[in-house]
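The values are calculated or read from the model by the stated rules, or taken from the named source; none is laboratory data. Source: prediction; values computed, not measured. Don't worry about glycine lacking a Cβ; one is built from the backbone with ideal geometry, like all the others, and counts go over all protein chains shown. Ligands, DNA and RNA are stripped out before the accessible areas are found, and what is left, the full protein with its side chains, is counted by its heavy atoms. Shrake-Rupley method; radii C 1.70, N 1.55, O 1.52, S 1.80 Å.
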Amino acid sequence: MYRETMQAGGEVSIRVHDLGKTYKLYAKPSDRLKEVLLRRPKHLAFQSLKSVSFQVSKGESLGIIGDNGAGKSTLLKLLAGTLTPSCGDMDIHGRVAALLELGAGFHQEFTGRQNIYLNASLLGLSEAEIKAQEEAILDFAELGQFIDRPIKTYSSGMVVRLAFSIATSVDPDVLVIDEALSVGDQYFQKKSLDRMLKFREYGKTIVFCSHSMYTVNLLCNRVIWLDQGIVREQDIATEVTAHYENYLRQKEEKENTKEERREDAGCINVVTKYIEYISLNGKYGPISMDRNDNLDVEICVQSLSQDPFTIAVAIERNDGLLCHGINIALERNQYFRRKGKMRVRVSYPCLPFFHGQFSVVAFVLDGYGLYCFDKKRSAVFDINPCRDLKHELGLLDIAHEWTLLE
Amino acid sequence: MMHALIRARIFIHLFLSPVNCLVRHASLLKGFVGREIRGRFAGSVAGIGWTLIHPLALIGIYTFVFSIVMRIQVTQEETGTDNFLIFFLTGLLPWLIFSDSIARATGSLIGNADLITKVVFPVELLPTSAMIAGTVTNGIGFVLLLGYLAFTGYANPYWVFLLPLFAAHMVFTWGVSLFLSALCVFIRDIQELVGLVLMVWFFSTPIIYPVSFVPEWVRDYIMYNPMAILILAYRNVILQHQIYLSDCLLFCLVSFIFFALGSWFFMRAKPAFGDVL
């Protein structure tokens, strides 16, 4: 965090251009030596980060999300300066403090107070500065008597409290945080989040990496979604997190398809009735719509026998969550006995989902709803995230009203 | 011409940055040294006492084996004392300052891998503080020895030369520390190897035996060993009150070359530490 550059005008705090990091993977440690001595490549190159470019203004907070191994930690380490980039360049204005791992550098046998001095000077504070900050650090960490006992007697939550408290006392211009909040109890999580929000108020720049979309949304204006080392998306927080959550659900759904196939075996083998197609708002491909838009589902069923049957329709989110299910037989007490083609339409005048990717599944069931003749899934429909509703969470837009009683 | 000048400046920068960081990060260095000295024994019963027990045991064993069993006799004419213990200690303590510093420094980077990959700070402080810790713990013994010798009448104006000698001693140790600690990041075997090499080095340096015990044909080679020059110079100054300036200047030169190379290698290897650790 020592990298101090001249304040080169403007409001740009971090400028990263075409940044890349390649790790050299060696099969054996001795290969590294051979490569140096014989000047013959002996490694496998692994590109952890490929041409990442972005810019963060002063006072802005940037979230970094992505799967494990997407390059998040590499990017943070490059920003913090513990790794050197393989290509590209970056400019950071002001003092950078990195919280890549809470408690790195703590000595287990030393007391909390001794560790404050060691750790804070590691982060670049002078002895006088530490002395001035000591009270504030102790206050925030809330360790009480334990501060003069060795760190090894601490619970993990206490270690985290002390580490966070020291790290944020450095008063940096740019704060780089990796998953720091995922530890500690609820009370402390809130407390540390408050401190970071205060940082933002003071016009400091934050780069924050987390798997908690809720926290990312709360803390960050803008989000970068990293996927296998490249920037997959970069936009305002609510958009990117919504898309990422979508992607996560889809991935989960794929995992589940095996089970689903087994379920499918429950359908009667001899095809006597089947679904020819399902359309959404007259289209067969994927559609996207806004919240509270109208959705028309049209189902075409081909019946080859006269057995009674009924049609059921379900709306599922892409992670397989059943959001809504209906069965015409149960609702209207009506069965179909016709042979030949027939079409049914279900109209949903306004879908109250916040955002996400959904699809419609239609079933052709026998009269008792026990046998499934056929089952077909429509193309997906996306509900776009709504920028006005960024304070609400969950699946449904439920009307509500706050009243202050007293 | 311009180009050469710039290259020279870059070289000087690499060479001086460990010195520079000592000044700029004095409080952090203090913390590290404290961690190295106290942290090593924190929680053990004897605590800091172990820094005494170790060299005392070593002195006891060597004195028993070499003075009592093997009956090595040192003469007043050659070494300035006929007391084996005094002879031995004036060589052993400077050696321990060197060897303990090296042994500690070699593993200092790989032992703090989590720190290097997670926190940005001048990494050269790690081998440097390990070296200082080794110097302080063994230097106390050296100072006590000098005090005892002064008390028994060995003190002499020539002892002033101990200061530049000690400075060169430090520069040499520092250079080797920087080099080995950085090399050890890439080749972990170094850590095992250092213990062995130090043992061989110890016995090939005239610490436990006077030079006159060494056969003629080996004696010429002994002076290729910088530590031999140093130990003999220490003894000359402390016990015999004389100084061979040419030898001392040679050692100074050697130690500066070692420091320049060690420092240069360390600063060149530094950006790769994060990748390897």
Exercise for the section: Enter the angle in degrees (range 0 to 90, nearest 10) between the Cα long axis of helix B:226-235 and the first principal axis of the Cα atoms of chain B, meaning the one along which they spread out most. Expected result: 50 degrees
Fill in the blank from the handout: Evaluated at 20 °C and 1.002 mPa s, the Stokes-Einstein D of chain A based on the Kirkwood radius over Cα pairs, in µm²/s, stands at 84 µm²/s
Practice task
Would you work out if the protein assembly as shown is rounded, prolate or oblate? Take a ≥ b ≥ c from the square roots of the eigenvalues of the alpha-carbon gyration tensor; rounded if a/c is under 1.5, else prolate when a/b is larger than b/c, oblate otherwise.
Solution key: prolate
Exercise for the section: Rank B:LEU115, A:GLY124, A:PHE363 by how far each Cα sits towards the positive end of the charge dipole of the protein assembly as shown (+1 on Lys, Arg Cβ; -1 on Asp, Glu Cβ) and give me just the farthest. Expected result: A:PHE363
Fill in the blank from the handout: Extension length gain for B:ILE12 and B:TRP50 (0.36 nm per residue less Cα distance), in nm, is 9.7 nm
Handout entry: 0 to 90° range, to nearest 10: angle between helix B:162-186 axis and chain B longest Cα axis
Key = 50 degrees
Problem - Separation between Cα centres of the range B:66-113 and the range A:179-235, rounded to whole Å - result: 56 Å
Completion exercise
When every protein chain stays in place and a 1.4 Å probe is rolled, B:VAL136, A:VAL346 sorted by accessible area with the largest first are B:VAL136, A:VAL346
Fill in the blank from the handout: Here the longest stretch of chain A that holds no chymotrypsin sites (Phe, Trp or Tyr not before Pro) in a DSSP loop having at most 10 other beta carbon atoms within 10 Å is A:1-201
Problem - chain A - mean residue ellipticity at 222 nm from DSSP helices (-39,500 (n - 2.57) per run, n ≥ 4, rounded to 500) - result: -9000 deg cm²/dmol
Practice task
Indicate the residues belonging to the range A:94-130 that lose 40 Å² or more of solvent-accessible heavy-atom surface (probe 1.4 Å) upon moving from the chain alone to the assembly of all protein chains, ignoring ligands and nucleic acids.
Solution key: A:GLU101, A:ALA104, A:HIS107, A:GLU109, A:PHE110, A:LEU118, A:SER121, A:LEU122, A:GLU127
Practice task
If a/c stays under 1.5 just call it rounded; otherwise compare a/b with b/c (prolate if a/b is bigger, oblate if not). Do that for the range A:12-253, with a ≥ b ≥ c from the square roots of the Cα gyration tensor eigenvalues.
Solution key: oblate
Exercise for the section: Sort out for me the Cα centre separation of the range A:340-406 from the range B:227-250, rounded to whole Å. Expected result: 91 Å
Practice task
Mind checking which lysines have their Cα closer than 22 Å to the Cα of A:LYS376? Skip sequence neighbours fewer than 8 apart in that chain.
Solution key: A:LYS251, A:LYS254, A:LYS258, A:LYS273, A:LYS283, A:LYS339, A:LYS341
Practice task
Rank these by accessible area, largest first, 1.4 Å probe: A:LEU175, B:LEU245, B:LEU277.
Solution key: B:LEU245, B:LEU277, A:LEU175
Handout entry: Helix B:2-24 vs. chain B, principal-axis angle (Cα, 0 to 90°, nearest 10)
Key = 70 degrees
Practice task
Would you check the accessible area of B:ASP82, probe 1.4 Å, heavy atoms only, in square angstrom rounded to 10?
Solution key: 110 Å²
Exercise for the section: Could you tell me the total accessible area buried at the A-B interface, probe 1.4 Å, in square angstrom to the nearest hundred? Expected result: 2300 Å²
Practice task
Kindly report, to the nearest 10 Å², the accessible surface of A:VAL56 as traced by a 1.4 Å probe over protein heavy atoms only.
Solution key: 0 Å²
Practice task
Rounded, prolate or oblate: pick one for the range A:98-204, where a ≥ b ≥ c are the square roots of the eigenvalues of its C-alpha gyration tensor, a/c under 1.5 means rounded, and failing that, prolate if a/b is larger than b/c, else oblate.
Solution key: oblate
Fill in the blank from the handout: Note, A:PHE336: beta-carbon cut-off 15 Å, +1 each Lys/Arg, -1 each Asp/Glu, net +3
Handout entry: Helical mean residue ellipticity (222 nm; -39500 (n - 2.57) per DSSP H run of 4+; nearest 500) of chain B
Key = -24500 deg cm²/dmol
Fill in the blank from the handout: per DSSP, antiparallel bridges as share of beta bridges in the protein assembly as shown, % nearest 5, sits at 75 percent
Problem - Apportionment of accessible area to carbon and sulfur, the range A:260-383, percent (1.4 Å) - result: 49 percent
Handout entry: Fraction of beta bridges assigned by DSSP in the range A:260-383 that are antiparallel (%, nearest 5)
Key = 95 percent
Exercise for the section: At 1.4 Å probe size, with no ligands or nucleic acids counted, give the accessible surface of B:HIS54 in Å², nearest ten. Expected result: 130 Å²
Fill in the blank from the handout: For the range A:260-383 (alpha-carbon point model, no solvent) the Debye-based log₁₀ I(q)/I(0) at q = 0.15, 0.16, 0.17, 0.21 Å⁻¹ works out to -0.68, -0.77, -0.86, -1.24
Handout entry: Under 20 Å from A:LYS24, Cα to Cα: lysines that are on another chain or at least 8 residues apart
Key = A:LYS34, A:LYS42, A:LYS50, A:LYS72, A:LYS77, B:LYS118, B:LYS270
Practice task
Could you work out, residue by residue across B:26-33, how many beta carbons of other chains sit within 10 Å of that residue's beta carbon, and then give the average as an integer?
Solution key: 6
Exercise for the section: Would you mind telling me the share, in percent, of accessible area of chain B contributed by carbon and sulfur at probe 1.4 angstrom? Expected result: 71 percent
Problem - Per residue accessible area of chain A, 1.4 Å probe, in Å² - result: 52 Å²
Exercise for the section: Please arrange B:TRP217, B:TRP95, B:TRP50 by accessible surface area, largest first, computed with a 1.4 Å probe and ligands excluded. Expected result: B:TRP217, B:TRP50, B:TRP95
Exercise for the section: Would you give the gap between the C-alpha center of the range A:33-51 and the C-alpha center of the range A:94-121, rounded to a whole Å? Expected result: 33 Å
Problem - Within the protein assembly as shown: Cβ-based charge dipole about Cα centre, in debye rounded to nearest 20 (Lys, Arg +1; Asp, Glu -1) - result: 1260 debye
